[in-house]
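Below: one structure, written as structure tokens.
The values are calculated or read from the model by the stated rules, or taken from the named source; none is laboratory data. Quick caveat, the model's predicted, so the values are computed rather than measured. Please note: Cβ atoms are built from the backbone with ideal geometry, for glycine as well, and neighbour counts cover all protein chains shown. Ligands, DNA and RNA are excluded from the accessible area calculation, which covers all protein heavy atoms including side chains. Shrake-Rupley method; radii C 1.70, N 1.55, O 1.52, S 1.80 Å.
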Amino acid sequence: MTLKYRIGIMPGPWPAGREGAAFLWTLCDQLERSDVDSIWLSDRLSSPVPVPEVMTTLAAIAARTTRLKFGPSVVVLPYRTPVVAAKEMATVDWLSQGRLFPAVGVGVELPREFEASGVAFAERGRRTDEAIHVLRLLWTQDEVTFHGQFYKLDRISIFPKPWQTPPPIWIGGKSEAAMRRTARLGDGWIPSFITPEELRVGVQKVQDLATAAGRQVPEDHFGTLINYTIADTEEAALAMAQPYIPRGRVDEATMRQCTAFGPVDRLVDRVEEYVKAGASKFILRPLCPPDRMLDQLAGMAERVCPEYHRR
């Protein structure tokens, strides 16, 4: 098959205070005029920094734009009942005429966020698996009766149905469990904080597991998130990025292999490493002060997007 390469973005650190709302509209307008394919937002219940609620913000993006695609990276399904999640996502996809791309996962390793949502941390993986199954039923059937371990539905219907029939469900996470979930239940795999070699091994493992389960994940439904900062030198880029580099997600060696700090060619080279590993969909996230983010995104869109969207 012919692979379609697509470059999306995730905003870096959100502006604090009320100016964050105006920033969203400026960002949407800039992206709508650019060659950027999509925008992706995090899903957090509790955070020391601004993180807008994901589904309401995606609905706002849908209303502000006509071309731009969008999705959560990733929506934490255990935070919501699958009926509520299915209704929200179906409505946003319907209103935007099929521009929503759901990516789901189990969330970050913070038990207190799950406790705050009334969900046992130890159940998050099994709840996610069951919820994915319920989403598809609700999106494709007019009336659903379902009796699982966590969720029970008796003749439940949601309308409107999604514009897409149904939206493809991408799975986030780099763990073995995430790979198995993709193979059994997902339409695509989009991990983050993963090296090119780890991605190459993971793509093969997902495909092998999917084959064993009698399924196939499309060859062009693999991707990754890359944190980056563009500057004249690596030193200058690191100095700008340093306050925003995620701590505790991976070790320093892995972080160096899955990020791109320096001239824009460094970012192109990093993307190409993942292309050779089997990825064709990318979420690029600038690590910089909020007032530098639009410039970072513009530089990336001008240089990186054409390189891959014309292939």
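What is the spin-label model distance, in nm, from residue 310 to residue 109 if the labels are put 7 Å beyond Cα along the C-beta direction?
Going from the residue 310 label point to the residue 109 one covers 4.4 nm.
To the nearest 20 debye, what is the magnitude of the charge dipole of segment 109-187 about its Cα centre, counting +1 on the Cβ of each Lys and Arg and -1 on the Cβ of each Asp and Glu?
Working: 12 positive and 11 negative charges, 29 e Å.
Once rounded to the nearest 20, the dipole reads 140 debye.
Which residue fluctuates the most in the chain, going by a Gaussian network model with Cα springs under 10 Å, if the choices are 84, 51, 206?
Comparing 84, 51, 206 in the GNM, the peak value goes to 84.
Considering just Cα atoms, how many Å³ per residue does the convex hull of segment 206-311 enclose?
Details: hull volume 12.8 nm³, N = 106.
In segment 206-311, the Cα convex hull volume per residue is 121 Å³.
Please arrange 34, 46, 96 by accessible surface area, largest first, computed with a 1.4 Å probe and ligands excluded. Provide the component values of the computation, followed by the final result.
Working: 34 30, 46 60, 96 5 Å².
Ranked list, largest accessible area first: 46, 34, 96.
So if I place +1 on the C-beta of Lys and Arg and -1 on the C-beta of Asp and Glu, and nothing else carries charge, what would the dipole magnitude of segment 240-311 be about its Cα centre? I want it in debye, nearest 20. Intermediate results must be reported in sequence, preceding the final value.
Numbers: 12 positive and 10 negative charges, 45 e Å.
Using only the charged Cβ atoms, the result is roughly 220 debye.
Give the whole-number value, in cubic angstrom per residue, of the convex hull volume spanned by the C-alpha atoms of the chain.
On the way: hull volume 40.9 nm³, N = 311.
Spelled out: Cα convex hull of the chain, divided by residues, is 132 Å³.
Run lengths n ≥ 4 of DSSP H only: what is the helix-derived mean residue ellipticity at 222 nm for the chain, with -39500 (n - 2.57) per run over all residues, to the nearest 500? Don't skip to the end; give the middle numbers.
On the way: 11 runs with 135 residues, N = 311.
Using -39500 (n - 2.57) per qualifying helix, the result is -13500 deg cm²/dmol.
Placing unit charges on C-beta atoms (Lys and Arg positive, Asp and Glu negative, everything else neutral), compute the dipole magnitude of the chain about its Cα centre in debye, rounded to 20.
Details: 38 positive and 38 negative charges, 147 e Å.
Rounded to the nearest 20 debye, it is 700 debye.
How high is the FRET efficiency between residue 212 and residue 2 when r is their beta carbon distance and R₀ equals 25 Å, given to the nearest 0.05?
Computed FRET efficiency for residue 212 and residue 2 comes out at 0.40.
What residue among 260, 85, 213 has the largest mean-square fluctuation in a Gaussian network model of the chain, using Cα springs under 10 Å?
Highest fluctuation among the options: 213.
On C-alpha positions alone, give me the angle between the axis of helix 82-95 and the longest principal axis of the chain, in degrees, nearest 10.
That works out to roughly 60 degrees.
How would segment 35-127 be classified by its alpha-carbon gyration tensor: rounded, prolate or oblate, with rounded meaning a/c under 1.5 and the a/b versus b/c comparison settling the rest? Provide the component values of the computation, followed by the final result.
Details: a/c = 2.37, a/b = 1.75, b/c = 1.35.
Prolate shape, in that a/c is at least 1.5 and a/b is the bigger ratio.
Using each residue's phi in segment 258-272, evaluate 6.51 cos²θ - 1.76 cosθ + 1.60 at θ = phi - 60° and report the 3J(HN,Hα) Karplus result to the nearest Hz, with x for Gly and Pro.
10, 10, 9, 10, x, x, 4, 4, 5, 5, 4, 4, 5, 4, 5
Any idea of the accessible area per residue across segment 167-245, 1.4 Å probe, to the nearest Å²? Walk me through the intermediate numbers first.
Numbers: 3170 Å² over 79 residues.
It amounts to 40 Å² per residue over segment 167-245.
Taking amide H positions as placed 1.01 Å from N in the peptide plane, with prolines and chain starts having none, which residues 5 or more places from residue 146, or on another chain, fall under 5 Å of its amide H?
Placed amide hydrogens put 153, 154, 155 under 5 Å from residue 146.
Would you pull out the residues with amide H under 5 Å of residue 284's amide H, same chain only if 5 or more places away, H placed 1.01 Å from N?
Placed amide hydrogens put 8, 9, 10, 226 under 5 Å from residue 284.
Return the long-range amide H neighbours of residue 171 (sequence gap of 5 or more, or a different chain), with a cut-off of under 5 Å between placed amide H atoms.
Those lying under 5 Å, H to H, from residue 171 are 104, 187, 188, 189, 190.
Taking springs between alpha-carbon atoms closer than 10 angstrom, which of 44, 266, 292 fluctuates most in the Gaussian network model of the chain?
Of 44, 266, 292, the Gaussian network model singles out 292 as fluctuating most.
What ranking do 67-75, 242-250, 103-111 get when scored by the average of other Cβ atoms within 10 Å per residue, highest first? If you can, show how the numbers build up before the last one.
On the way: 67-75: 22.3, 242-250: 12.7, 103-111: 20.1.
In descending order of packing, they fall as 67-75, 103-111, 242-250.
If you roll a 1.4 angstrom probe over the protein chains with everything in place, what fraction of the accessible area of segment 218-311 belongs to carbon and sulfur, to the nearest %?
48
Return the inverse of the average 1/r over all pairs of distinct C-alpha atoms in segment 87-136, which is the Kirkwood hydrodynamic radius, in Å to one decimal.
On the way: mean 1/r = 0.0802 Å⁻¹.
After inverting the mean inverse Cα-Cα distance, the result is 12.5 Å.
What does DSSP give for the chain in terms of the percent of beta bridges that are antiparallel, rounded to the nearest 5? Display every interim value, and only then the final one.
Numbers: 3 of 32 bridges.
In the chain, approximately 10 percent of DSSP beta bridges are antiparallel ones.
Show me, for segment 133-150, the HN-Hα J-couplings you get by feeding each phi into the Karplus relation (A = 6.51, B = -1.76, C = 1.60, θ = phi - 60°), rounded to Hz, glycine and proline as x.
Per residue, the Karplus-derived 3J(HN,Hα) values read 4, 5, 3, 5, 4, 5, 7, 10, 10, 6, 8, 10, 10, 8, 10, x, 5, 10 Hz.
What list of ³J(HN,Hα) values in whole Hz, one per residue of segment 221-236 in order, does the Karplus curve 6.51 cos²θ - 1.76 cosθ + 1.60 (θ = phi - 60°) give from phi, with Gly and Pro shown as x?
Those phi angles translate into 10, 10, x, 7, 9, 10, 7, 8, 9, 9, 7, 5, 10, 4, 4, 5 Hz.
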